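Notes for the one structure printed next.
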Amino acid sequence: MILDGKALSKKILEKIKIYIEKNNIKRHLAVVLVGNDTASKIYVKNKKKTAEMLGIKSTVIELPENTEEKILLETINKLNQDDDITGILVQMPLPPHINKEKIVCAIDPKKDVDCFTPENVGKLAIGAEPYFYPVTPQGILILLDYYKVPIEGKHVVIIGRSNIVGKPMAQMMLKRNATVTICHSKTKNLENIIKTADIVISAVGKKVVRCKMVKYKSVFVDVGISRDTNGKLTGDLNWESDFNNFDEVLSYFERITPVPGGVGPMTIASLMLNTLVEHVSILSLCTELFLE
Ligand code: GUN
């Protein structure tokens with residue numbers, strides 16, 4: 001049974017658009033893109049296009065690959081001080097000569113729609129309310145809740161320990177009373193650990209998981225995106241080695257997110273929800289959706 005992120009994302013975006021129009025809401029998202037990373041350029045273009053479609057103003061600040069750290073810090077400071085700007089997103093990855101930690105520390109936590117700053121990450125870690133929840137984990141939770149996947153008491157195994165997905169996902173799952181294990185590239189006996197999971201969240205970006213490594217009728221959330229040898233988009237699940245077609249995969253799992261059309265669109269919807277956050281409780285908007 002599919003966890004249809006594309007369909008749910010569409011519903012959420014439609015609600016946001018109506019909400020913005022009805023209440024004449026003015027929001028302005030600034031996206032900073034440094035360098036020429038092809039994937040980042042596509043992500044940024046999609047974010048801008050989606051924001052504009054909803055009536056959210058969006059400015060992309062493109063800086064060259066050789067931008068000095070000092071210049072990037074100045075750019076962020078200007079955005080912090082600009083009252084018209086309500087959200088700031090610095091697209092990752094940054095070029096290697098720039099200290100990523102220094103940059104995220106410079107963002108005003110009240111405009112930190114990614115939940116990257118120490119203040120927001122720290123609040124998340126102590127179980128307090130950050131100004132914003134991190135977009136991908138928040139999108140995954142909205143998707144699981146929409147499909148009424150139980151979380152409390154379940155064993156959630158997260159593969160990947162990134163600041164963007166793995167670590168905040170673990171915090172948010174703990175807050176929902178799941179038992180959480182984080183695995184990564186140095187984890188021993190990965191297969192034995194994955195086998196004990198009720199929910200697997202894989203955020204690696206390589207085809208590292210085979211279906212038969214995962215317990216029958218568990219839930220699989222595939223965050224990874226890469227291209228196979230034919231250039232086709234694929235997730236972390238190497239389902240072709242165990243099954244002949246995706247229908248067989250669907251019947252093996254209790255629930256599964258497709259790639260594309262699962263976590264990706266939910267991440268965009270979640271970012272758009274964050275740009276509204278002062279105006280609308282994400283929880284109440286989603287409850288409204290879930291009751292439909
Ligand atoms: N690069 C990949 N994912 C993300 C994200 O969620 N936010 C930012 N800022 N950069 C990213």
Can you put Tyr19, Tyr43 in order of Cβ neighbours within 10 angstrom, beginning with the fewest?
Tyr19, Tyr43
Spin-label proximity, His97 to region 20-63 - amide N less than 18 Å from point 7 Å beyond Cα toward beta carbon:
33-37, 62-63
Fraction of antiparallel bridges per DSSP, region 198-274 only, in percent to nearest 5:
20 percent
Could you work out the local net charge near Glu152, counting Lys and Arg as +1, Asp and Glu as -1, over the other residues with Cβ closer than 13 Å to its Cβ?
+2
What helix-only [θ] at 222 nm does the chain give? Using -39500 (n - 2.57) per DSSP H run of at least 4, over all residues, to the nearest 500, the answer is -13000 deg cm²/dmol
Correct semi-axes for region 222-267, from √(5λ) of the alpha-carbon gyration tensor and rounded to whole Å with the largest first, are 17, 15, 7
Once you list every other residue whose beta carbon is under 13 Å from the beta carbon of Leu174, what net charge do they have if Lys and Arg are +1 and Asp and Glu are -1?
+3
For Val60, the residues 5 or more places away or on another chain with a placed amide H closer than 5 Å to its own amide H are Val31
Listed residues Lys11, Lys70, Lys47, most fluctuating in the chain (Gaussian network, C-alpha, under 10 Å)
Lys70
Between Leu13, Leu89, Leu73, where does the largest GNM mean-square fluctuation fall for the chain, given springs only between Cα atoms within less than 10 Å?
Leu73
What ranking do Thr196, Thr86 get, fewest neighbouring Cβ atoms within 10 angstrom at the top?
Thr196, Thr86
Leaving out same-chain residues fewer than 8 places away, which lysines sit with a Cα under 19 Å from that of Lys17?
Lys6, Lys26, Lys45, Lys47, Lys48, Lys49, Lys57
Considering the Cα positions of the chain, please state its Rg to one decimal place and its Dmax as a whole number of Å.
19.0, 55
For region 18-82, what percent of Cα pairs sit more than 16 Å apart?
54 percent
Considering only the chain, what is the antiparallel percent among its DSSP beta bridges, to the nearest 5?
5 percent
From the convex hull of the Cα coordinates of region 7-150, what is the mean projected area in square nanometres?
9.7 nm²
Using unit Cβ charges (K, R positive; D, E negative) and no other charged atoms, how large, in debye to the nearest 20, is the dipole of the chain about its Cα centre?
420 debye
Helix 282-291 axis, angle to the chain major axis (alpha carbon atoms, nearest 10°)
40 degrees
For region 140-292, what Kirkwood radius comes out of the mean inverse Cα-Cα distance, in Å?
16.2 Å
Length released on extending from Glu69 to Cys105, taking residue separation times 0.36 nm less the Cα-Cα span
11.7 nm
Measuring from the longest principal axis of the C-alpha atoms of the chain, the long axis of helix 69-81 (C-alpha) lies at a number of degrees, nearest 10, equal to 80 degrees
Rank by packing, highest mean first: peptides 249-259, 221-231, 163-173, with packing defined as the count of other Cβ atoms within 10 Å averaged across residues.
163-173, 249-259, 221-231
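Read-outs: derived from the displayed coordinates by stated rules, not from any lab. Worth saying up front: this structure is predicted, and the values here are computed from it rather than measured. Positions of Cβ are backbone-derived with ideal geometry, glycine not excepted, and every protein chain shown enters the neighbour counts.
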